[in-house]
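The values are calculated or read from the model by the stated rules, or taken from the named source; none is laboratory data. Please read these numbers as outputs of a predicted model, since none were measured by experiment. Cβ placement follows ideal geometry from the backbone for every residue including glycine, while neighbour counts extend to all protein chains displayed. What goes into the accessible areas is simple: the full protein's heavy atoms, side chains included, and nothing from ligands, DNA or RNA. Shrake-Rupley method; radii C 1.70, N 1.55, O 1.52, S 1.80 Å.
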Protein chains: 2
Amino acid sequence: MTAVELIEKKRDGEALTANEIRWLIDSYTVGTVTDYQMAAMTMAVFLNGLNAEELAVWTDAMMHSGEVLDFDLIKKPKVDKHSTGGVGDKVSIPLVPMVAACGVAIPMISGRGLGHTGGTLDKLESIPGFTASLDRERFTSILEQHGLVMAGQSESLVPADRKLYALRDATGTVPSIPLISSSIMSKKLAEDLDGLVLDVKVGSGAFMKDEASARTLAKTMVGIGSAHGTTTVAYLTRMNEPLGHEVGNASEIVESIAVLRGDGPADLTEVTMVLAAEMLMLGGIEDSTDAANRRLEQVIASGEALELFGEVIEAQGGNRHVIDDPSLLPKASHRFEVKAPISGFVREVDALAIGRAAMSLGAGRETKEDSIDPGVGITLNAKTGDSVDQGAPLATLAFNDHDRAEAALPFLREAWEIGEAPTRQELIIDRIDG
Amino acid sequence: MTAVELIEKKRDGEALTANEIRWLIDSYTVGTVTDYQMAAMTMAVFLNGLNAEELAVWTDAMMHSGEVLDFDLIKKPKVDKHSTGGVGDKVSIPLVPMVAACGVAIPMISGRGLGHTGGTLDKLESIPGFTASLDRERFTSILEQHGLVMAGQSESLVPADRKLYALRDATGTVPSIPLISSSIMSKKLAEDLDGLVLDVKVGSGAFMKDEASARTLAKTMVGIGSAHGTTTVAYLTRMNEPLGHEVGNASEIVESIAVLRGDGPADLTEVTMVLAAEMLMLGGIEDSTDAANRRLEQVIASGEALELFGEVIEAQGGNRHVIDDPSLLPKASHRFEVKAPISGFVREVDALAIGRAAMSLGAGRETKEDSIDPGVGITLNAKTGDSVDQGAPLATLAFNDHDRAEAALPFLREAWEIGEAPTRQELIIDRIDG
């Protein structure tokens with residue numbers, strides 16, 4: 001078997017055999033298949049695709065390129081959740097303790113990546129002392145003891161994906177459904193799960209701008225999960241405007257705590273509850289959405305979910321008192337309000353523009369080397385459907401650097417569309433299962 | 001401009017601008033665009049193509065990646081010939097002195113490449129002392145003095161092609177019409193020509209197995225030539241069986257000399273005359289095929305063409321006496337005859353099988369490091385249309401190594417198809433001009 005033969009097959013639209021795919025991924029991981037050969041192969045995959053059988057093997061080969069976790073000793077059902085990412089998407093932070101408080105174990109492993117704001121781990125690391133860098137032993141012990149853990153990906157997990165992602169990023173093959181799906185699923189399936197819930201975001205602030213591609217991505221990932229024997233359910237959820245009112249890092253922790261107290265913003269709470277309920281059902285804890293919702297409302301009302309969040313913060317080295325005292329979190333030194341130029345109803349708050357503004361403030365990373373400023377961010381004072389009076393605040397910027405705030409303003413001034421009548425779109429677009 | 005942006009454009013089927021293509025080729029030549037980026041780009045080009053405008057600029061940018069020759073001081077018309085290559089294709093060797101003897105200057109530069117037998121230069125280098133490695137000064141001086149020169153490509157000529165060809169070879173993007181065309185034409189156009197004749201081979205022994213792809217390749221190269229302002233004419237010629245009776249290196253020199261004496265085999269002479277006549281017309285020496293043919297017959301009958309071949313051999317360091325005494329050329333130590341298993345008419349001699357047999361004997365190169373054995377080869381005693389009696393010789397192997405001869409035999413035993421009625425196919429399929 002040679003790399004050229006396999007590239008030629010895929011180039012000519014043929015399917016690769018299971019043996020060929022395993023040989024390719026293994027050889028690429030150890031470096032006997034070169035970066036330039038894999039670049040030609042991924043472009044051929046981008047343009048000619050992978051069928052369902054190829055994709056299942058490709059994902060499995062990626063997963064087996066490194067360590068695969070084994071949580072046999074944990075008797076609870078293990079379910080995780082993954083989001084394709086959006087602006088203000090902090091859903092995992094309240095969701096994980098809520099679901100864990102109901103008896104599901106969640107071994108959540110996230111990448112950091114690049115984005116308009118930090119990822120879940122960066123947001124959590126805005127909590128003083130909190131670390132997402134856990135060795136295998138500590139990771140397992142926190143999971144066993146508390147039923148939840150939220151950590152970064154270790155070097156030994158799916159090394160093929162780290163290598164392949166960097167290559168795709170440099171060679172124009174990132175937005176390929178089979179390559180995205182296998183990248184996400186290889187990492188999630190390496191977590192030894194009983195079930196997986198996927199939140200596939202659709203809209204201006206999401207990677208997938210249109211519903212058709214998001215649906216294809218969702219179906220593809222659900223198919224990979226099924227082929228692997230891990231029940232996987234995907235939700236298509238709207239990401240035209242940011243989720244919640246806060247876009248930043250520390251500020252999103254504050255808002256997550258509000259959800260855990262039962263007084264979070266409606267949209268954020270809705271998405272969190274839908275995904276959390278699905279996880280309870282996948283974990284076999286409840287067998288109907290109604291029962292799952294009641295159970296989740298209980299652990300919120302009783303304070304168990306919030307208490308568990310405090311516990312895991314402490315277990316991961318953080319100051320658990322942030323759950324009662326948000327002033328312990330980093331805060332930006334300056335504020336500035338963007339005001340409504342006219343009165344009317346907010347018809348749209350462009351998530352992408354808000355994301356770019358947050359990036360300008362320093363809330364996100366443009367390159368891997370960038371550091372995140374955890375205290376900066378944007379508070380949305382008016383969201384879609386709200387009525388605003390001329391001169392009322394649309395957004396409040398929290399910033400540390402005047403130049404960066406200046407750079408953020410043009411994005412914010414264009415983000416709001418104000419019209420005469422209110423609009424409303426469903427947040428949850430569809431549920432897709434195997 | 002970034003490599004990723006350009007890869008994405010081509011990936012999505014868009015056309016690249018002239019500036020983008022020039023930047024890409026220049027950056028790849030100096031190495032700021034990496035091999036893995038160019039591998040993704042060439043796969044995108046393979047699958048999405050280049051339009052005529054892109055291809056003209058791509059070729060021009062390749063040509064300008066290194067030195068471009070300038071023969072302004074040579075007052076004769078400069079015309080060259082290029083063949084896409086076939087088994088037993090020694091046409092250039094008799095053609096160049098014939099055409100030069102009629103007053104056309106031919107600055108022929110060839111690559112060596114890989115193949116079933118050596119290339120034109122390897123065949124010439126079977127002449128004792130002959131060298132195809134000439135520096136610029138010697139190249140130009142031989143061309144000025146004799147009106148012809150046949151040399152290898154220097155490092156400084158089209159470096160982008162050397163780099164890109166090696167990459168394509170390792171990444172499954174060799175058989176792409178735009179990439180083949182630009183590779184060939186960038187090297188030929190760097191020779192500062194007034195005209196170019198292309199021999200595009202079609203058939204089992206050629207790179208292009210079917211007439212449709214050969215026609216597309218021919219039209220594409222003619223289009224590039226026209227866009228560059230160099231009148232280019234392509235011929236589609238058949239390559240189902242080897243050209244002439246000799247397949248090897250030294251043996252093909254002997255057969256080339258026969259053509260120059262006017263007693264070469266019919267098929268080889270026919271192709272040589274057609275291409276040579278076209279070159280005389282492109283060079284403005286004659287204005288009709290009939291006149292050109294008469295002129296060519298004259299320089300053969302008078303011995304001028306053969307004499308000029310002797311001169312250039314001597315100018316390039318070789319022993320000119322080979323033209324009168326073929327025993328000065330290397331010869332293999334052993335012979336073996338393959339005999340006809342039945343009587344009948346030869347319906348086919350599979351060029352690819354003969355090529356593989358020649359490669360097995362050591363006449364060609366499988367890798368760049370392989371050395372060629374100049375004395376080995378195959379003499380075809382019976383070709384398509386010939387009648388043979390059972391037990392009569394079909395081929396004679398000249399070999400130095402018994403194991404290699406053993407390895408060649410199975411190919412030879414399958415190469416001849418003998419049937420009841422003779423067949424005949426036209427050798428010259430078509431002529432394509434701008």
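What residue, among those in the stretch B:53-97 that are more than 24 Å from the chain's Cα centre (by Cα) and open to solvent by 40 Å² or more (accessible area, probe 1.4 Å), is nearest to A:R168 (Cα to Cα)? Residue satisfying both the conditions and the ranking: B:E53.
The set of residues in the stretch B:169-212 that are more than 23 Å from B:Q153 (Cα to Cα) and away from chain A (no Cβ under 14 Å) comprises B:V202, B:G203, B:S204, B:G205, B:M208, B:K209, B:D210, B:E211, B:A212. For the stretch B:320-333, residues that are open to solvent by less than 70 Å² (accessible area, probe 1.4 Å) and farther than 20 Å from B:V376 by Cβ total 3. Taking the conditions (1) within 27 Å of A:F130 (Cα to Cα); (2) open to solvent by less than 10 Å² (accessible area, probe 1.4 Å) in turn, A:S156 satisfies each one other than (2). When each of B:E286, B:E311, B:E297, B:E348 is tested for being assigned to a helix (DSSP H, G or I), buried (at least 16 other Cβ atoms within 10 Å of the Cβ) and among the charged types (D, E, K, R), the lone residue that passes is B:E311. Restricting attention to the stretch B:193-239, the residues that are within 13 Å of B:I428 (Cβ to Cβ) and among the charged types (D, E, K, R) total 4.
Taking every residue in the stretch B:371-396 that is on the phi > 0 side of the Ramachandran plot and open to solvent by 10 Å² or more (accessible area, probe 1.4 Å) and pairing it with any residue that is of a type outside the set (S, T, N, Q) and in a strand (DSSP E or B), at least 6 positions away or on another chain, the pairs with Cβ-Cβ distances below 8 Å are B:G385/B:F345; B:G385/B:V346; B:G391/B:K339. Of all residue pairs spaced 6 or more apart or on separate chains, those with beta-carbon atoms under 7 Å, a first member in the stretch A:97-116 that is within 17 Å of A:D192 (Cβ to Cβ) and in the same structural domain as A:E314 (by TED's automatic domain parsing) and a second member that is acidic (D, E) and assigned to a loop (DSSP other than H, G, I, E, B) are A:P107/A:E191; A:I109/A:E191.
Considering the conditions (1) within 14 Å of chain B (Cβ to nearest Cβ); (2) on the phi > 0 side of the Ramachandran plot, A:I7 is excluded by exactly one of them, (2). For the residues B:A332, B:A358, the requirement of being at pLDDT 95 or above and either of a type in the set (V, I, T) or part of a helix (DSSP H, G or I) (or both) singles out B:A358.
Confirm whether B:E14 is modelled with pLDDT of 95 or more, in a loop (DSSP other than H, G, I, E, B) and open to solvent by 30 Å² or more (accessible area, probe 1.4 Å). Here the answer is yes, as B:E14 does meet what is asked.
Residues checked against (1) under 28 Å from B:P393 (Cβ atoms); (2) touching a Gly at 6+ places or on another chain (Cβ under 6 Å); (3) in the same structural domain as B:S83 (by TED's automatic domain parsing); (4) without any contact (Cβ under 8 Å) to a residue 40 or more places away in the chain:
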position	(1), (2), (3), (4)
B:V274	no, no, yes, no
B:L282	no, yes, yes, no
B:G310	no, no, yes, yes
B:H321	no, no, yes, yes
B:P341	yes, no, no, no
B:A351	yes, yes, no, no
B:I354	yes, no, no, no
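Considering the stretch A:33-52, and only residues there that are more than 14 Å from chain B (Cβ to nearest Cβ) and either in contact with a His (Cβ under 8 Å, 6 or more places away or on another chain) or within 26 Å of B:G49 (Cα to Cα) (or both), the residue that is surrounded by the fewest Cβ atoms within 10 Å (Cβ to Cβ) turns out to be A:N51.
Considering the stretch B:397-434, and only residues there that are among the aliphatic types (A, V, I, L, M) and more than 27 Å from the chain's Cα centre (by Cα), the residue that is surrounded by the fewest Cβ atoms within 10 Å (Cβ to Cβ) turns out to be B:A421.
Yes/no per residue for (1) hydrophobic (A, V, I, L, M, F, W, C); (2) away from chain B (no Cβ under 14 Å); (3) under 18 Å from A:M221 (Cβ atoms):
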residue: A:M63; (1), (2), (3): yes, yes, yes
residue: A:K75; (1), (2), (3): no, yes, no
residue: A:A100; (1), (2), (3): yes, yes, no
residue: A:G115; (1), (2), (3): no, yes, no
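Among the residues of the stretch B:139-156, is any touching a residue at least 12 places away in the same chain (Cβ under 8 Å), within 14 Å of another protein chain (Cβ to nearest Cβ) and assigned to a loop (DSSP other than H, G, I, E, B)? Among the residues of the stretch B:139-156, not one is touching a residue at least 12 places away in the same chain (Cβ under 8 Å), within 14 Å of another protein chain (Cβ to nearest Cβ) and assigned to a loop (DSSP other than H, G, I, E, B), which makes the answer no.
Is it the case that some residue within the stretch B:21-32 is surrounded by 19 or more Cβ atoms within 10 Å (Cβ to Cβ) and within 14 Å of another protein chain (Cβ to nearest Cβ)? The answer is yes, given that some residue of the stretch B:21-32 is surrounded by 19 or more Cβ atoms within 10 Å (Cβ to Cβ) and within 14 Å of another protein chain (Cβ to nearest Cβ).
Taking the conditions (1) open to solvent by 50 Å² or more (accessible area, probe 1.4 Å); (2) on the phi > 0 side of the Ramachandran plot in turn, B:G147 satisfies each one other than (1).
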